[in-house]
Amino acid sequence: MNEKASLKERVVKTVLTIFALSSLLFLFLIFIFILIEGSPLFLKVGLKNIIFGFKWAPTKGSFGIFPMIISSFLVTFGALIIGAPLGLSCAIYLSEYSGKRLKMILKPALELLAGIPSVVYGFLGVIYIVPLVRNYLGGSGFSLISTSIILGIMILPTIISISFDSIMSVPKTYREGSYAMGATKWQTIYKIVVPSARSGILASFILGMGRAIGETMAVIMIAGNALKIPMSLTDPLRTLTGNIALELAYATGDHRLGLFSTGIVLLVIIMALNYIANFGIKRRSQ
């Protein structure tokens, strides 16, 4: 009987190990595929000319993606300015102020935001955000600030969920010690709880950045897709993801290689952000 149970245990462990390794294999194959497709253009044109070039005209031999890199970081930074304070505030309220019944309603409702398709966010942005920006700030409305607002809403589930878990992991003795010293509830949250959970909160911000910089459909719909660096909040822009999605369907030759090169740059950026976030989470767990 023990031998049979041991055999089943080994079989289950082997199957689970295969499933775990298969996910890593898929990630590795994707990375290798993009690297094989995009690296020839780096060798042909030059890494500097692609990353720091200002002109994107693949049919004329220009493959500069620097404006799109800057635009991607600007819109991500704008989303973080909007989403980080709101997401952290929601996490603090859920963990420190809301009752159990209200928490059971609010937390799943907020996490449902992650399940809404990005095209729906883009549609709502075109219908509501773009006209507001056009009427009150000027320009066409398809702009940096419109895209930042939509992405700021889209990253809320990530920030709220991870920040909430980080705040809840702070030991109750920290709070009780603060109350014993005469601190108010808000002073305890501001001075004790949030600093104790800062690594997890920072990780939530970084993962939110990764979510924002990798978004495609909503960005295409409301960014304006202009091949230039936005100089104001009302200027249109084009991100790395938007560039790939807009042109891949008809790209051939070096143009197609240029889009894969863009994908390599985007993949490296997202991997770096995820590594930083995982480092922060690991530091918090230690």
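The values are calculated or read from the model by the stated rules, or taken from the named source; none is laboratory data. Small disclaimer: the values here were computed from a predicted structure and weren't measured. Because the Cβ atoms are built from the backbone with ideal geometry, glycine has one as well, and the counts that use them run over all protein chains shown.
Let's see how each residue does on (1) in a helix (DSSP H, G or I); (2) within 23 Å of G224 (Cβ to Cβ); (3) β-branched (V, I, T):
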{"residue": "L41", "(1), (2), (3)": "yes, no, no"}
{"residue": "F54", "(1), (2), (3)": "no, yes, no"}
{"residue": "M68", "(1), (2), (3)": "yes, yes, no"}
{"residue": "A79", "(1), (2), (3)": "yes, yes, no"}
{"residue": "I82", "(1), (2), (3)": "yes, yes, yes"}
{"residue": "G87", "(1), (2), (3)": "yes, no, no"}
{"residue": "S95", "(1), (2), (3)": "yes, no, no"}
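In this structure, is F26 out of contact with any Pro (no Cβ under 8 Å at 6 or more places or on another chain), modelled with pLDDT under 90 and farther than 22 Å from E215 by Cα? So F26 fails the test. Each residue in segment 133-185 was checked for being buried (at least 21 other Cβ atoms within 10 Å of the Cβ), hydrophobic (A, V, I, L, M, F, W, C) and not in a helix (DSSP H, G or I), and 2 pass. Checking each residue in segment 85-99 for being of a type outside the set (F, W, Y) and more than 18 Å from Y121 (Cα to Cα) picks out P85, L88, S89, C90, A91, I92, L94, S95, E96, S98, G99. Selection of first residues in segment 91-102 that are on the phi < 0 side of the Ramachandran plot and touching a residue at least 40 places away in the same chain (Cβ under 8 Å) and of second residues that are of a type in the set (K, R) and surrounded by 16 or more Cβ atoms within 10 Å (Cβ to Cβ), restricted to Cβ pairs under 9 Å at least 6 apart or on distinct chains, gives the following pairs, ordered by first then second residue: L94/K107; E96/R175.
Per this entry, I206 is counted among residues that are part of a helix (DSSP H, G or I), surrounded by 18 or more Cβ atoms within 10 Å (Cβ to Cβ) and at pLDDT below 90.
Residues in segment 233-286 that are outside any helix (DSSP H, G or I) and within 28 Å of I145 (Cβ to Cβ) were compared, and the one that is modelled with the lowest pLDDT is L248.
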